[in-house]
Amino acid sequence: MSDKPIYEIVDELPEGGMTVMLLKALDFVVPGQWQNVVGFENSIRIYTGTDDEAYIQAVGDRVVHLFNDTSNGYQRALWLYGVANSAGGMLGTAAMANKIGESVSFLGFLDKITPKADTAQSIDFTLKTVIELLCFCQINGIPGDSIGDFVGALGEYGGDALMRMAAIVSVDGLLPLGPDFLKMGDAAVSRIADFESNPIFGKIASYIPGGDSASKVGFIGQAFGSVRDWMDNFVQSRGLTREGIVGSVRNYIDITDDKLDYVGAFLDMTTNYYEHTGVQTLTRRMIERAMGEV
Amino acid sequence: MTFRRSALSVILTAVFAALAITAGCSSKPPSRFEKAQQESTKPKDQQAPANQNPTAGGNFNKFFPKADAGYTVTFAQEKKGFSQASLKKDGKEVALLSVSDTTANPTSLDKYKTSTTKIGGHPSVQFGPNTSVLVNGRYQVTVAAKPGFAKPDAEKWLQKFDLAGLATLK
């Protein structure tokens with residue numbers, strides 16, 4: 001049970017800061033798709049397109065009820081978005097430690113306790129992809145193994161959801177892993193032991209279809225395999241490159257280091273794009289449902 | 001006397017400080033949705049009665065309108081007691097189409113008490129951007145218009161639902 005009312009969670013979404021700057025920097029990937037809609041009442045006004053106060057009250061009241069009824073799965077989706085976010089922060093730290101291990105020889109022992117940066121990142125990347133699928137199923141009320149429905153819906157993705165996919169591809173895929181990021185994702189989903197030792201996998205495993213780790217990672221592989229073509233097309237059709245992403249980010253955030261994997265780790269640790277856009281998606285979906293129920 | 005005066009001033013200062021802190025804490029106005037928060041976080045048996053097992057949303061899908069002359073209908077959400085599709089014209093969303101089981105949200109029935117109009121033989125109401133009908137006293141069919149989607153269009157799309165079929169749903 002969330003200890004905060006949904007209206008406080010949405011009211012607390014920031015209007016500026018690192019996360020918002022990063023998302024603005026990624027506008028060039030999905031032009032005009034994302035607006036930083038913050039504030040609960042403001043979100044209702046924007047998505048309903050009305051000033052009818054009685055209607056706004058009824059929709060807001062209904063959203064509060066829907067969110068607090070845990071059987072709807074909205075709180076679980078919110079929690080999953082938060083976990084995806086912490087995946088970035090924690091793995092970001094591990095990646096930085098590993099970089100030190102590579103450049104400073106006496107710290108080479110760090111390699112023994114920290115995964116190779118690319119290894120950790122590629123697992124992070126596939127987990128974030130699968131969390132999007134799980135949240136999609138939770139929010140839209142379809143079974144958690146509906147890979148086909150999710151892949152079909154990706155073509156309809158717009159707004160904050162499309163921006164989140166753009167950020168997953170850019171910030172967690174292409175930027176830290178380079179142009180072969182999809183192949184690295186393919187390779188990651190065969191390393192069951194790496195998932196088993198991953199704290200985020202541990203947290204979300206019970207929501208991933210499958211009886212044991214092997215079948216759960218198998219599901220992740222299947223889900224990732226189905227989404228990778230969409231991602232590949234996304235990158236190709238937009239001519240997306242690491243340099244293009246960094247160039248745009250540089251307009252908003254002061255990046256002094258040219259090492260692209262450092263930039264990726266830096267953004268991982270200092271932003272929470274996943275949770276920010278996740279709350280926006282969740283809020284919009286609950287408002288739209290309430291519009292049909294009041 | 002001097003002592004008493006300074007003691008008094010200490011007390012007054014403390015009282016004013018306490019008042020200032022209280023005022024500071026309560027400066028944020030309560031949310032207009034706080035009442036809903038309090039109601040919906042009570043134990044279930046103390047909340048206003050609502051059907052916890054309404055008709056599954058998937059049962060409503062077959063009564064939705066089909067794509068028609070430049071318009072597409074894409075299913076978006078399917079929850080207990082609820083199903084929703086996005087109505088698009090040339091790729092742009094113009095309205096949300098929904099069917100809901102009002103037993104899960106009985107307050108939604110209140111507005112029909114004063115309804116004087118009918119669409120397709122069912123009581124109809126306007127509420128904000130919504131045009132809705134109540135089928136068989138239970139299932140609410142709604143077209144929520146995006147700005148620019150006219151009321152006659154909403155009524156036309158309401159009648160494209162299989163309202164007669166929905167009326168037979170138990």
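A short reminder: the numbers here are calculations on the coordinates, not readings from a lab. Nothing here was measured: the structure is a model prediction, and the numbers come from that model. Because the Cβ atoms are built from the backbone with ideal geometry, glycine has one as well, and the counts that use them run over all protein chains shown.
Taking the longest Cα principal axis of chain A as reference, the axis of helix A:273-293 is set at about 20 degrees.
Put a plus charge on the Cβ of each Lys and Arg, a minus charge on the Cβ of each Asp and Glu, and nothing anywhere else: the dipole of the range B:38-169 about its Cα centre is then about 80 debye.
Exposure proxy check: A:ARG285, B:ARG138 ranked by fewest other beta carbons within 10 Å?
Ascending number of Cβ neighbours within 10 Å: B:ARG138, A:ARG285.
Rounded, prolate or oblate: pick one for the range B:52-170, where a ≥ b ≥ c are the square roots of the eigenvalues of its C-alpha gyration tensor, a/c under 1.5 means rounded, and failing that, prolate if a/b is larger than b/c, else oblate. If you can, show how the numbers build up before the last one.
Numbers: a/c = 1.66, a/b = 1.23, b/c = 1.34.
Oblate shape, in that a/c is at least 1.5 and b/c is the bigger or equal ratio.
Between B:ALA50 and A:GLU243, what's the calculated FRET efficiency when r is the beta-carbon distance and R0 is 60 Å? Round to 0.05. Don't jump to the answer; show the numbers that get you there.
Details: r = 55 Å, r/R0 = 0.92.
Result of the calculation: an efficiency of 0.65.
Summarising the label geometry, the points placed 7 Å from Cα in the beta-carbon direction at A:ASP27 and B:LYS146 lie 2.0 nm from one another. Fewest-first ordering of A:TYR157, B:TYR112, A:TYR7 by other beta carbons within 10 Å of each residue's beta carbon gives B:TYR112, A:TYR157, A:TYR7. For the pair A:MET1 and B:ASP110, a Förster radius of 25 Å applied to the C-beta separation gives a FRET efficiency near 0.30, rounded to the nearest 0.05.
A quarter of the convex hull surface defined by the alpha-carbon atoms of the protein assembly as shown gives 31.1 nm² as the mean projection. From least to most packed, judged by other beta carbons within 10 angstrom and beginning with the fewest, A:ASP160, A:ASP3, A:ASP149 follow the order A:ASP3, A:ASP149, A:ASP160.
Assuming R0 = 45 Å, can you tell me the calculated FRET efficiency for the pair A:TRP79 and B:ALA67, based on Cβ-Cβ distance, to the nearest 0.05?
Details: r = 36 Å, r/R0 = 0.81.
Rounded to the nearest 0.05, the efficiency is 0.80.
When peptides A:187-199, A:161-173 are sorted by average Cβ neighbour count within 10 Å, with the highest value leading, the order is A:161-173, A:187-199. Simple spin-label estimate for B:THR74 and A:ALA54 gives 3.4 nm between the two label positions (7 Å along the Cα-to-Cβ direction from each Cα).
Given +1 on the Cβ of Lys and Arg, -1 on the Cβ of Asp and Glu, and no further charges, what dipole in debye does the protein assembly as shown carry about its Cα centre, rounded to the nearest 20? All intermediate terms of the calculation are to be shown ahead of the outcome.
Details: 45 positive and 50 negative charges, 269 e Å.
Charge dipole of the protein assembly as shown: 1300 debye, to the nearest 20.
Cross-linked pairs B:LYS66/B:LYS146; A:LYS24/B:LYS28; A:LYS4/B:LYS146; B:LYS44/B:LYS80; B:LYS88/B:LYS111: Cα-Cα separations exceed 25 Å for A:LYS24/B:LYS28; A:LYS4/B:LYS146; B:LYS88/B:LYS111.
For B:LYS113, a cut-off of 16 angstrom between C-alpha atoms picks up no aspartates and glutamates at all, skipping any fewer than 8 places away in its own chain.
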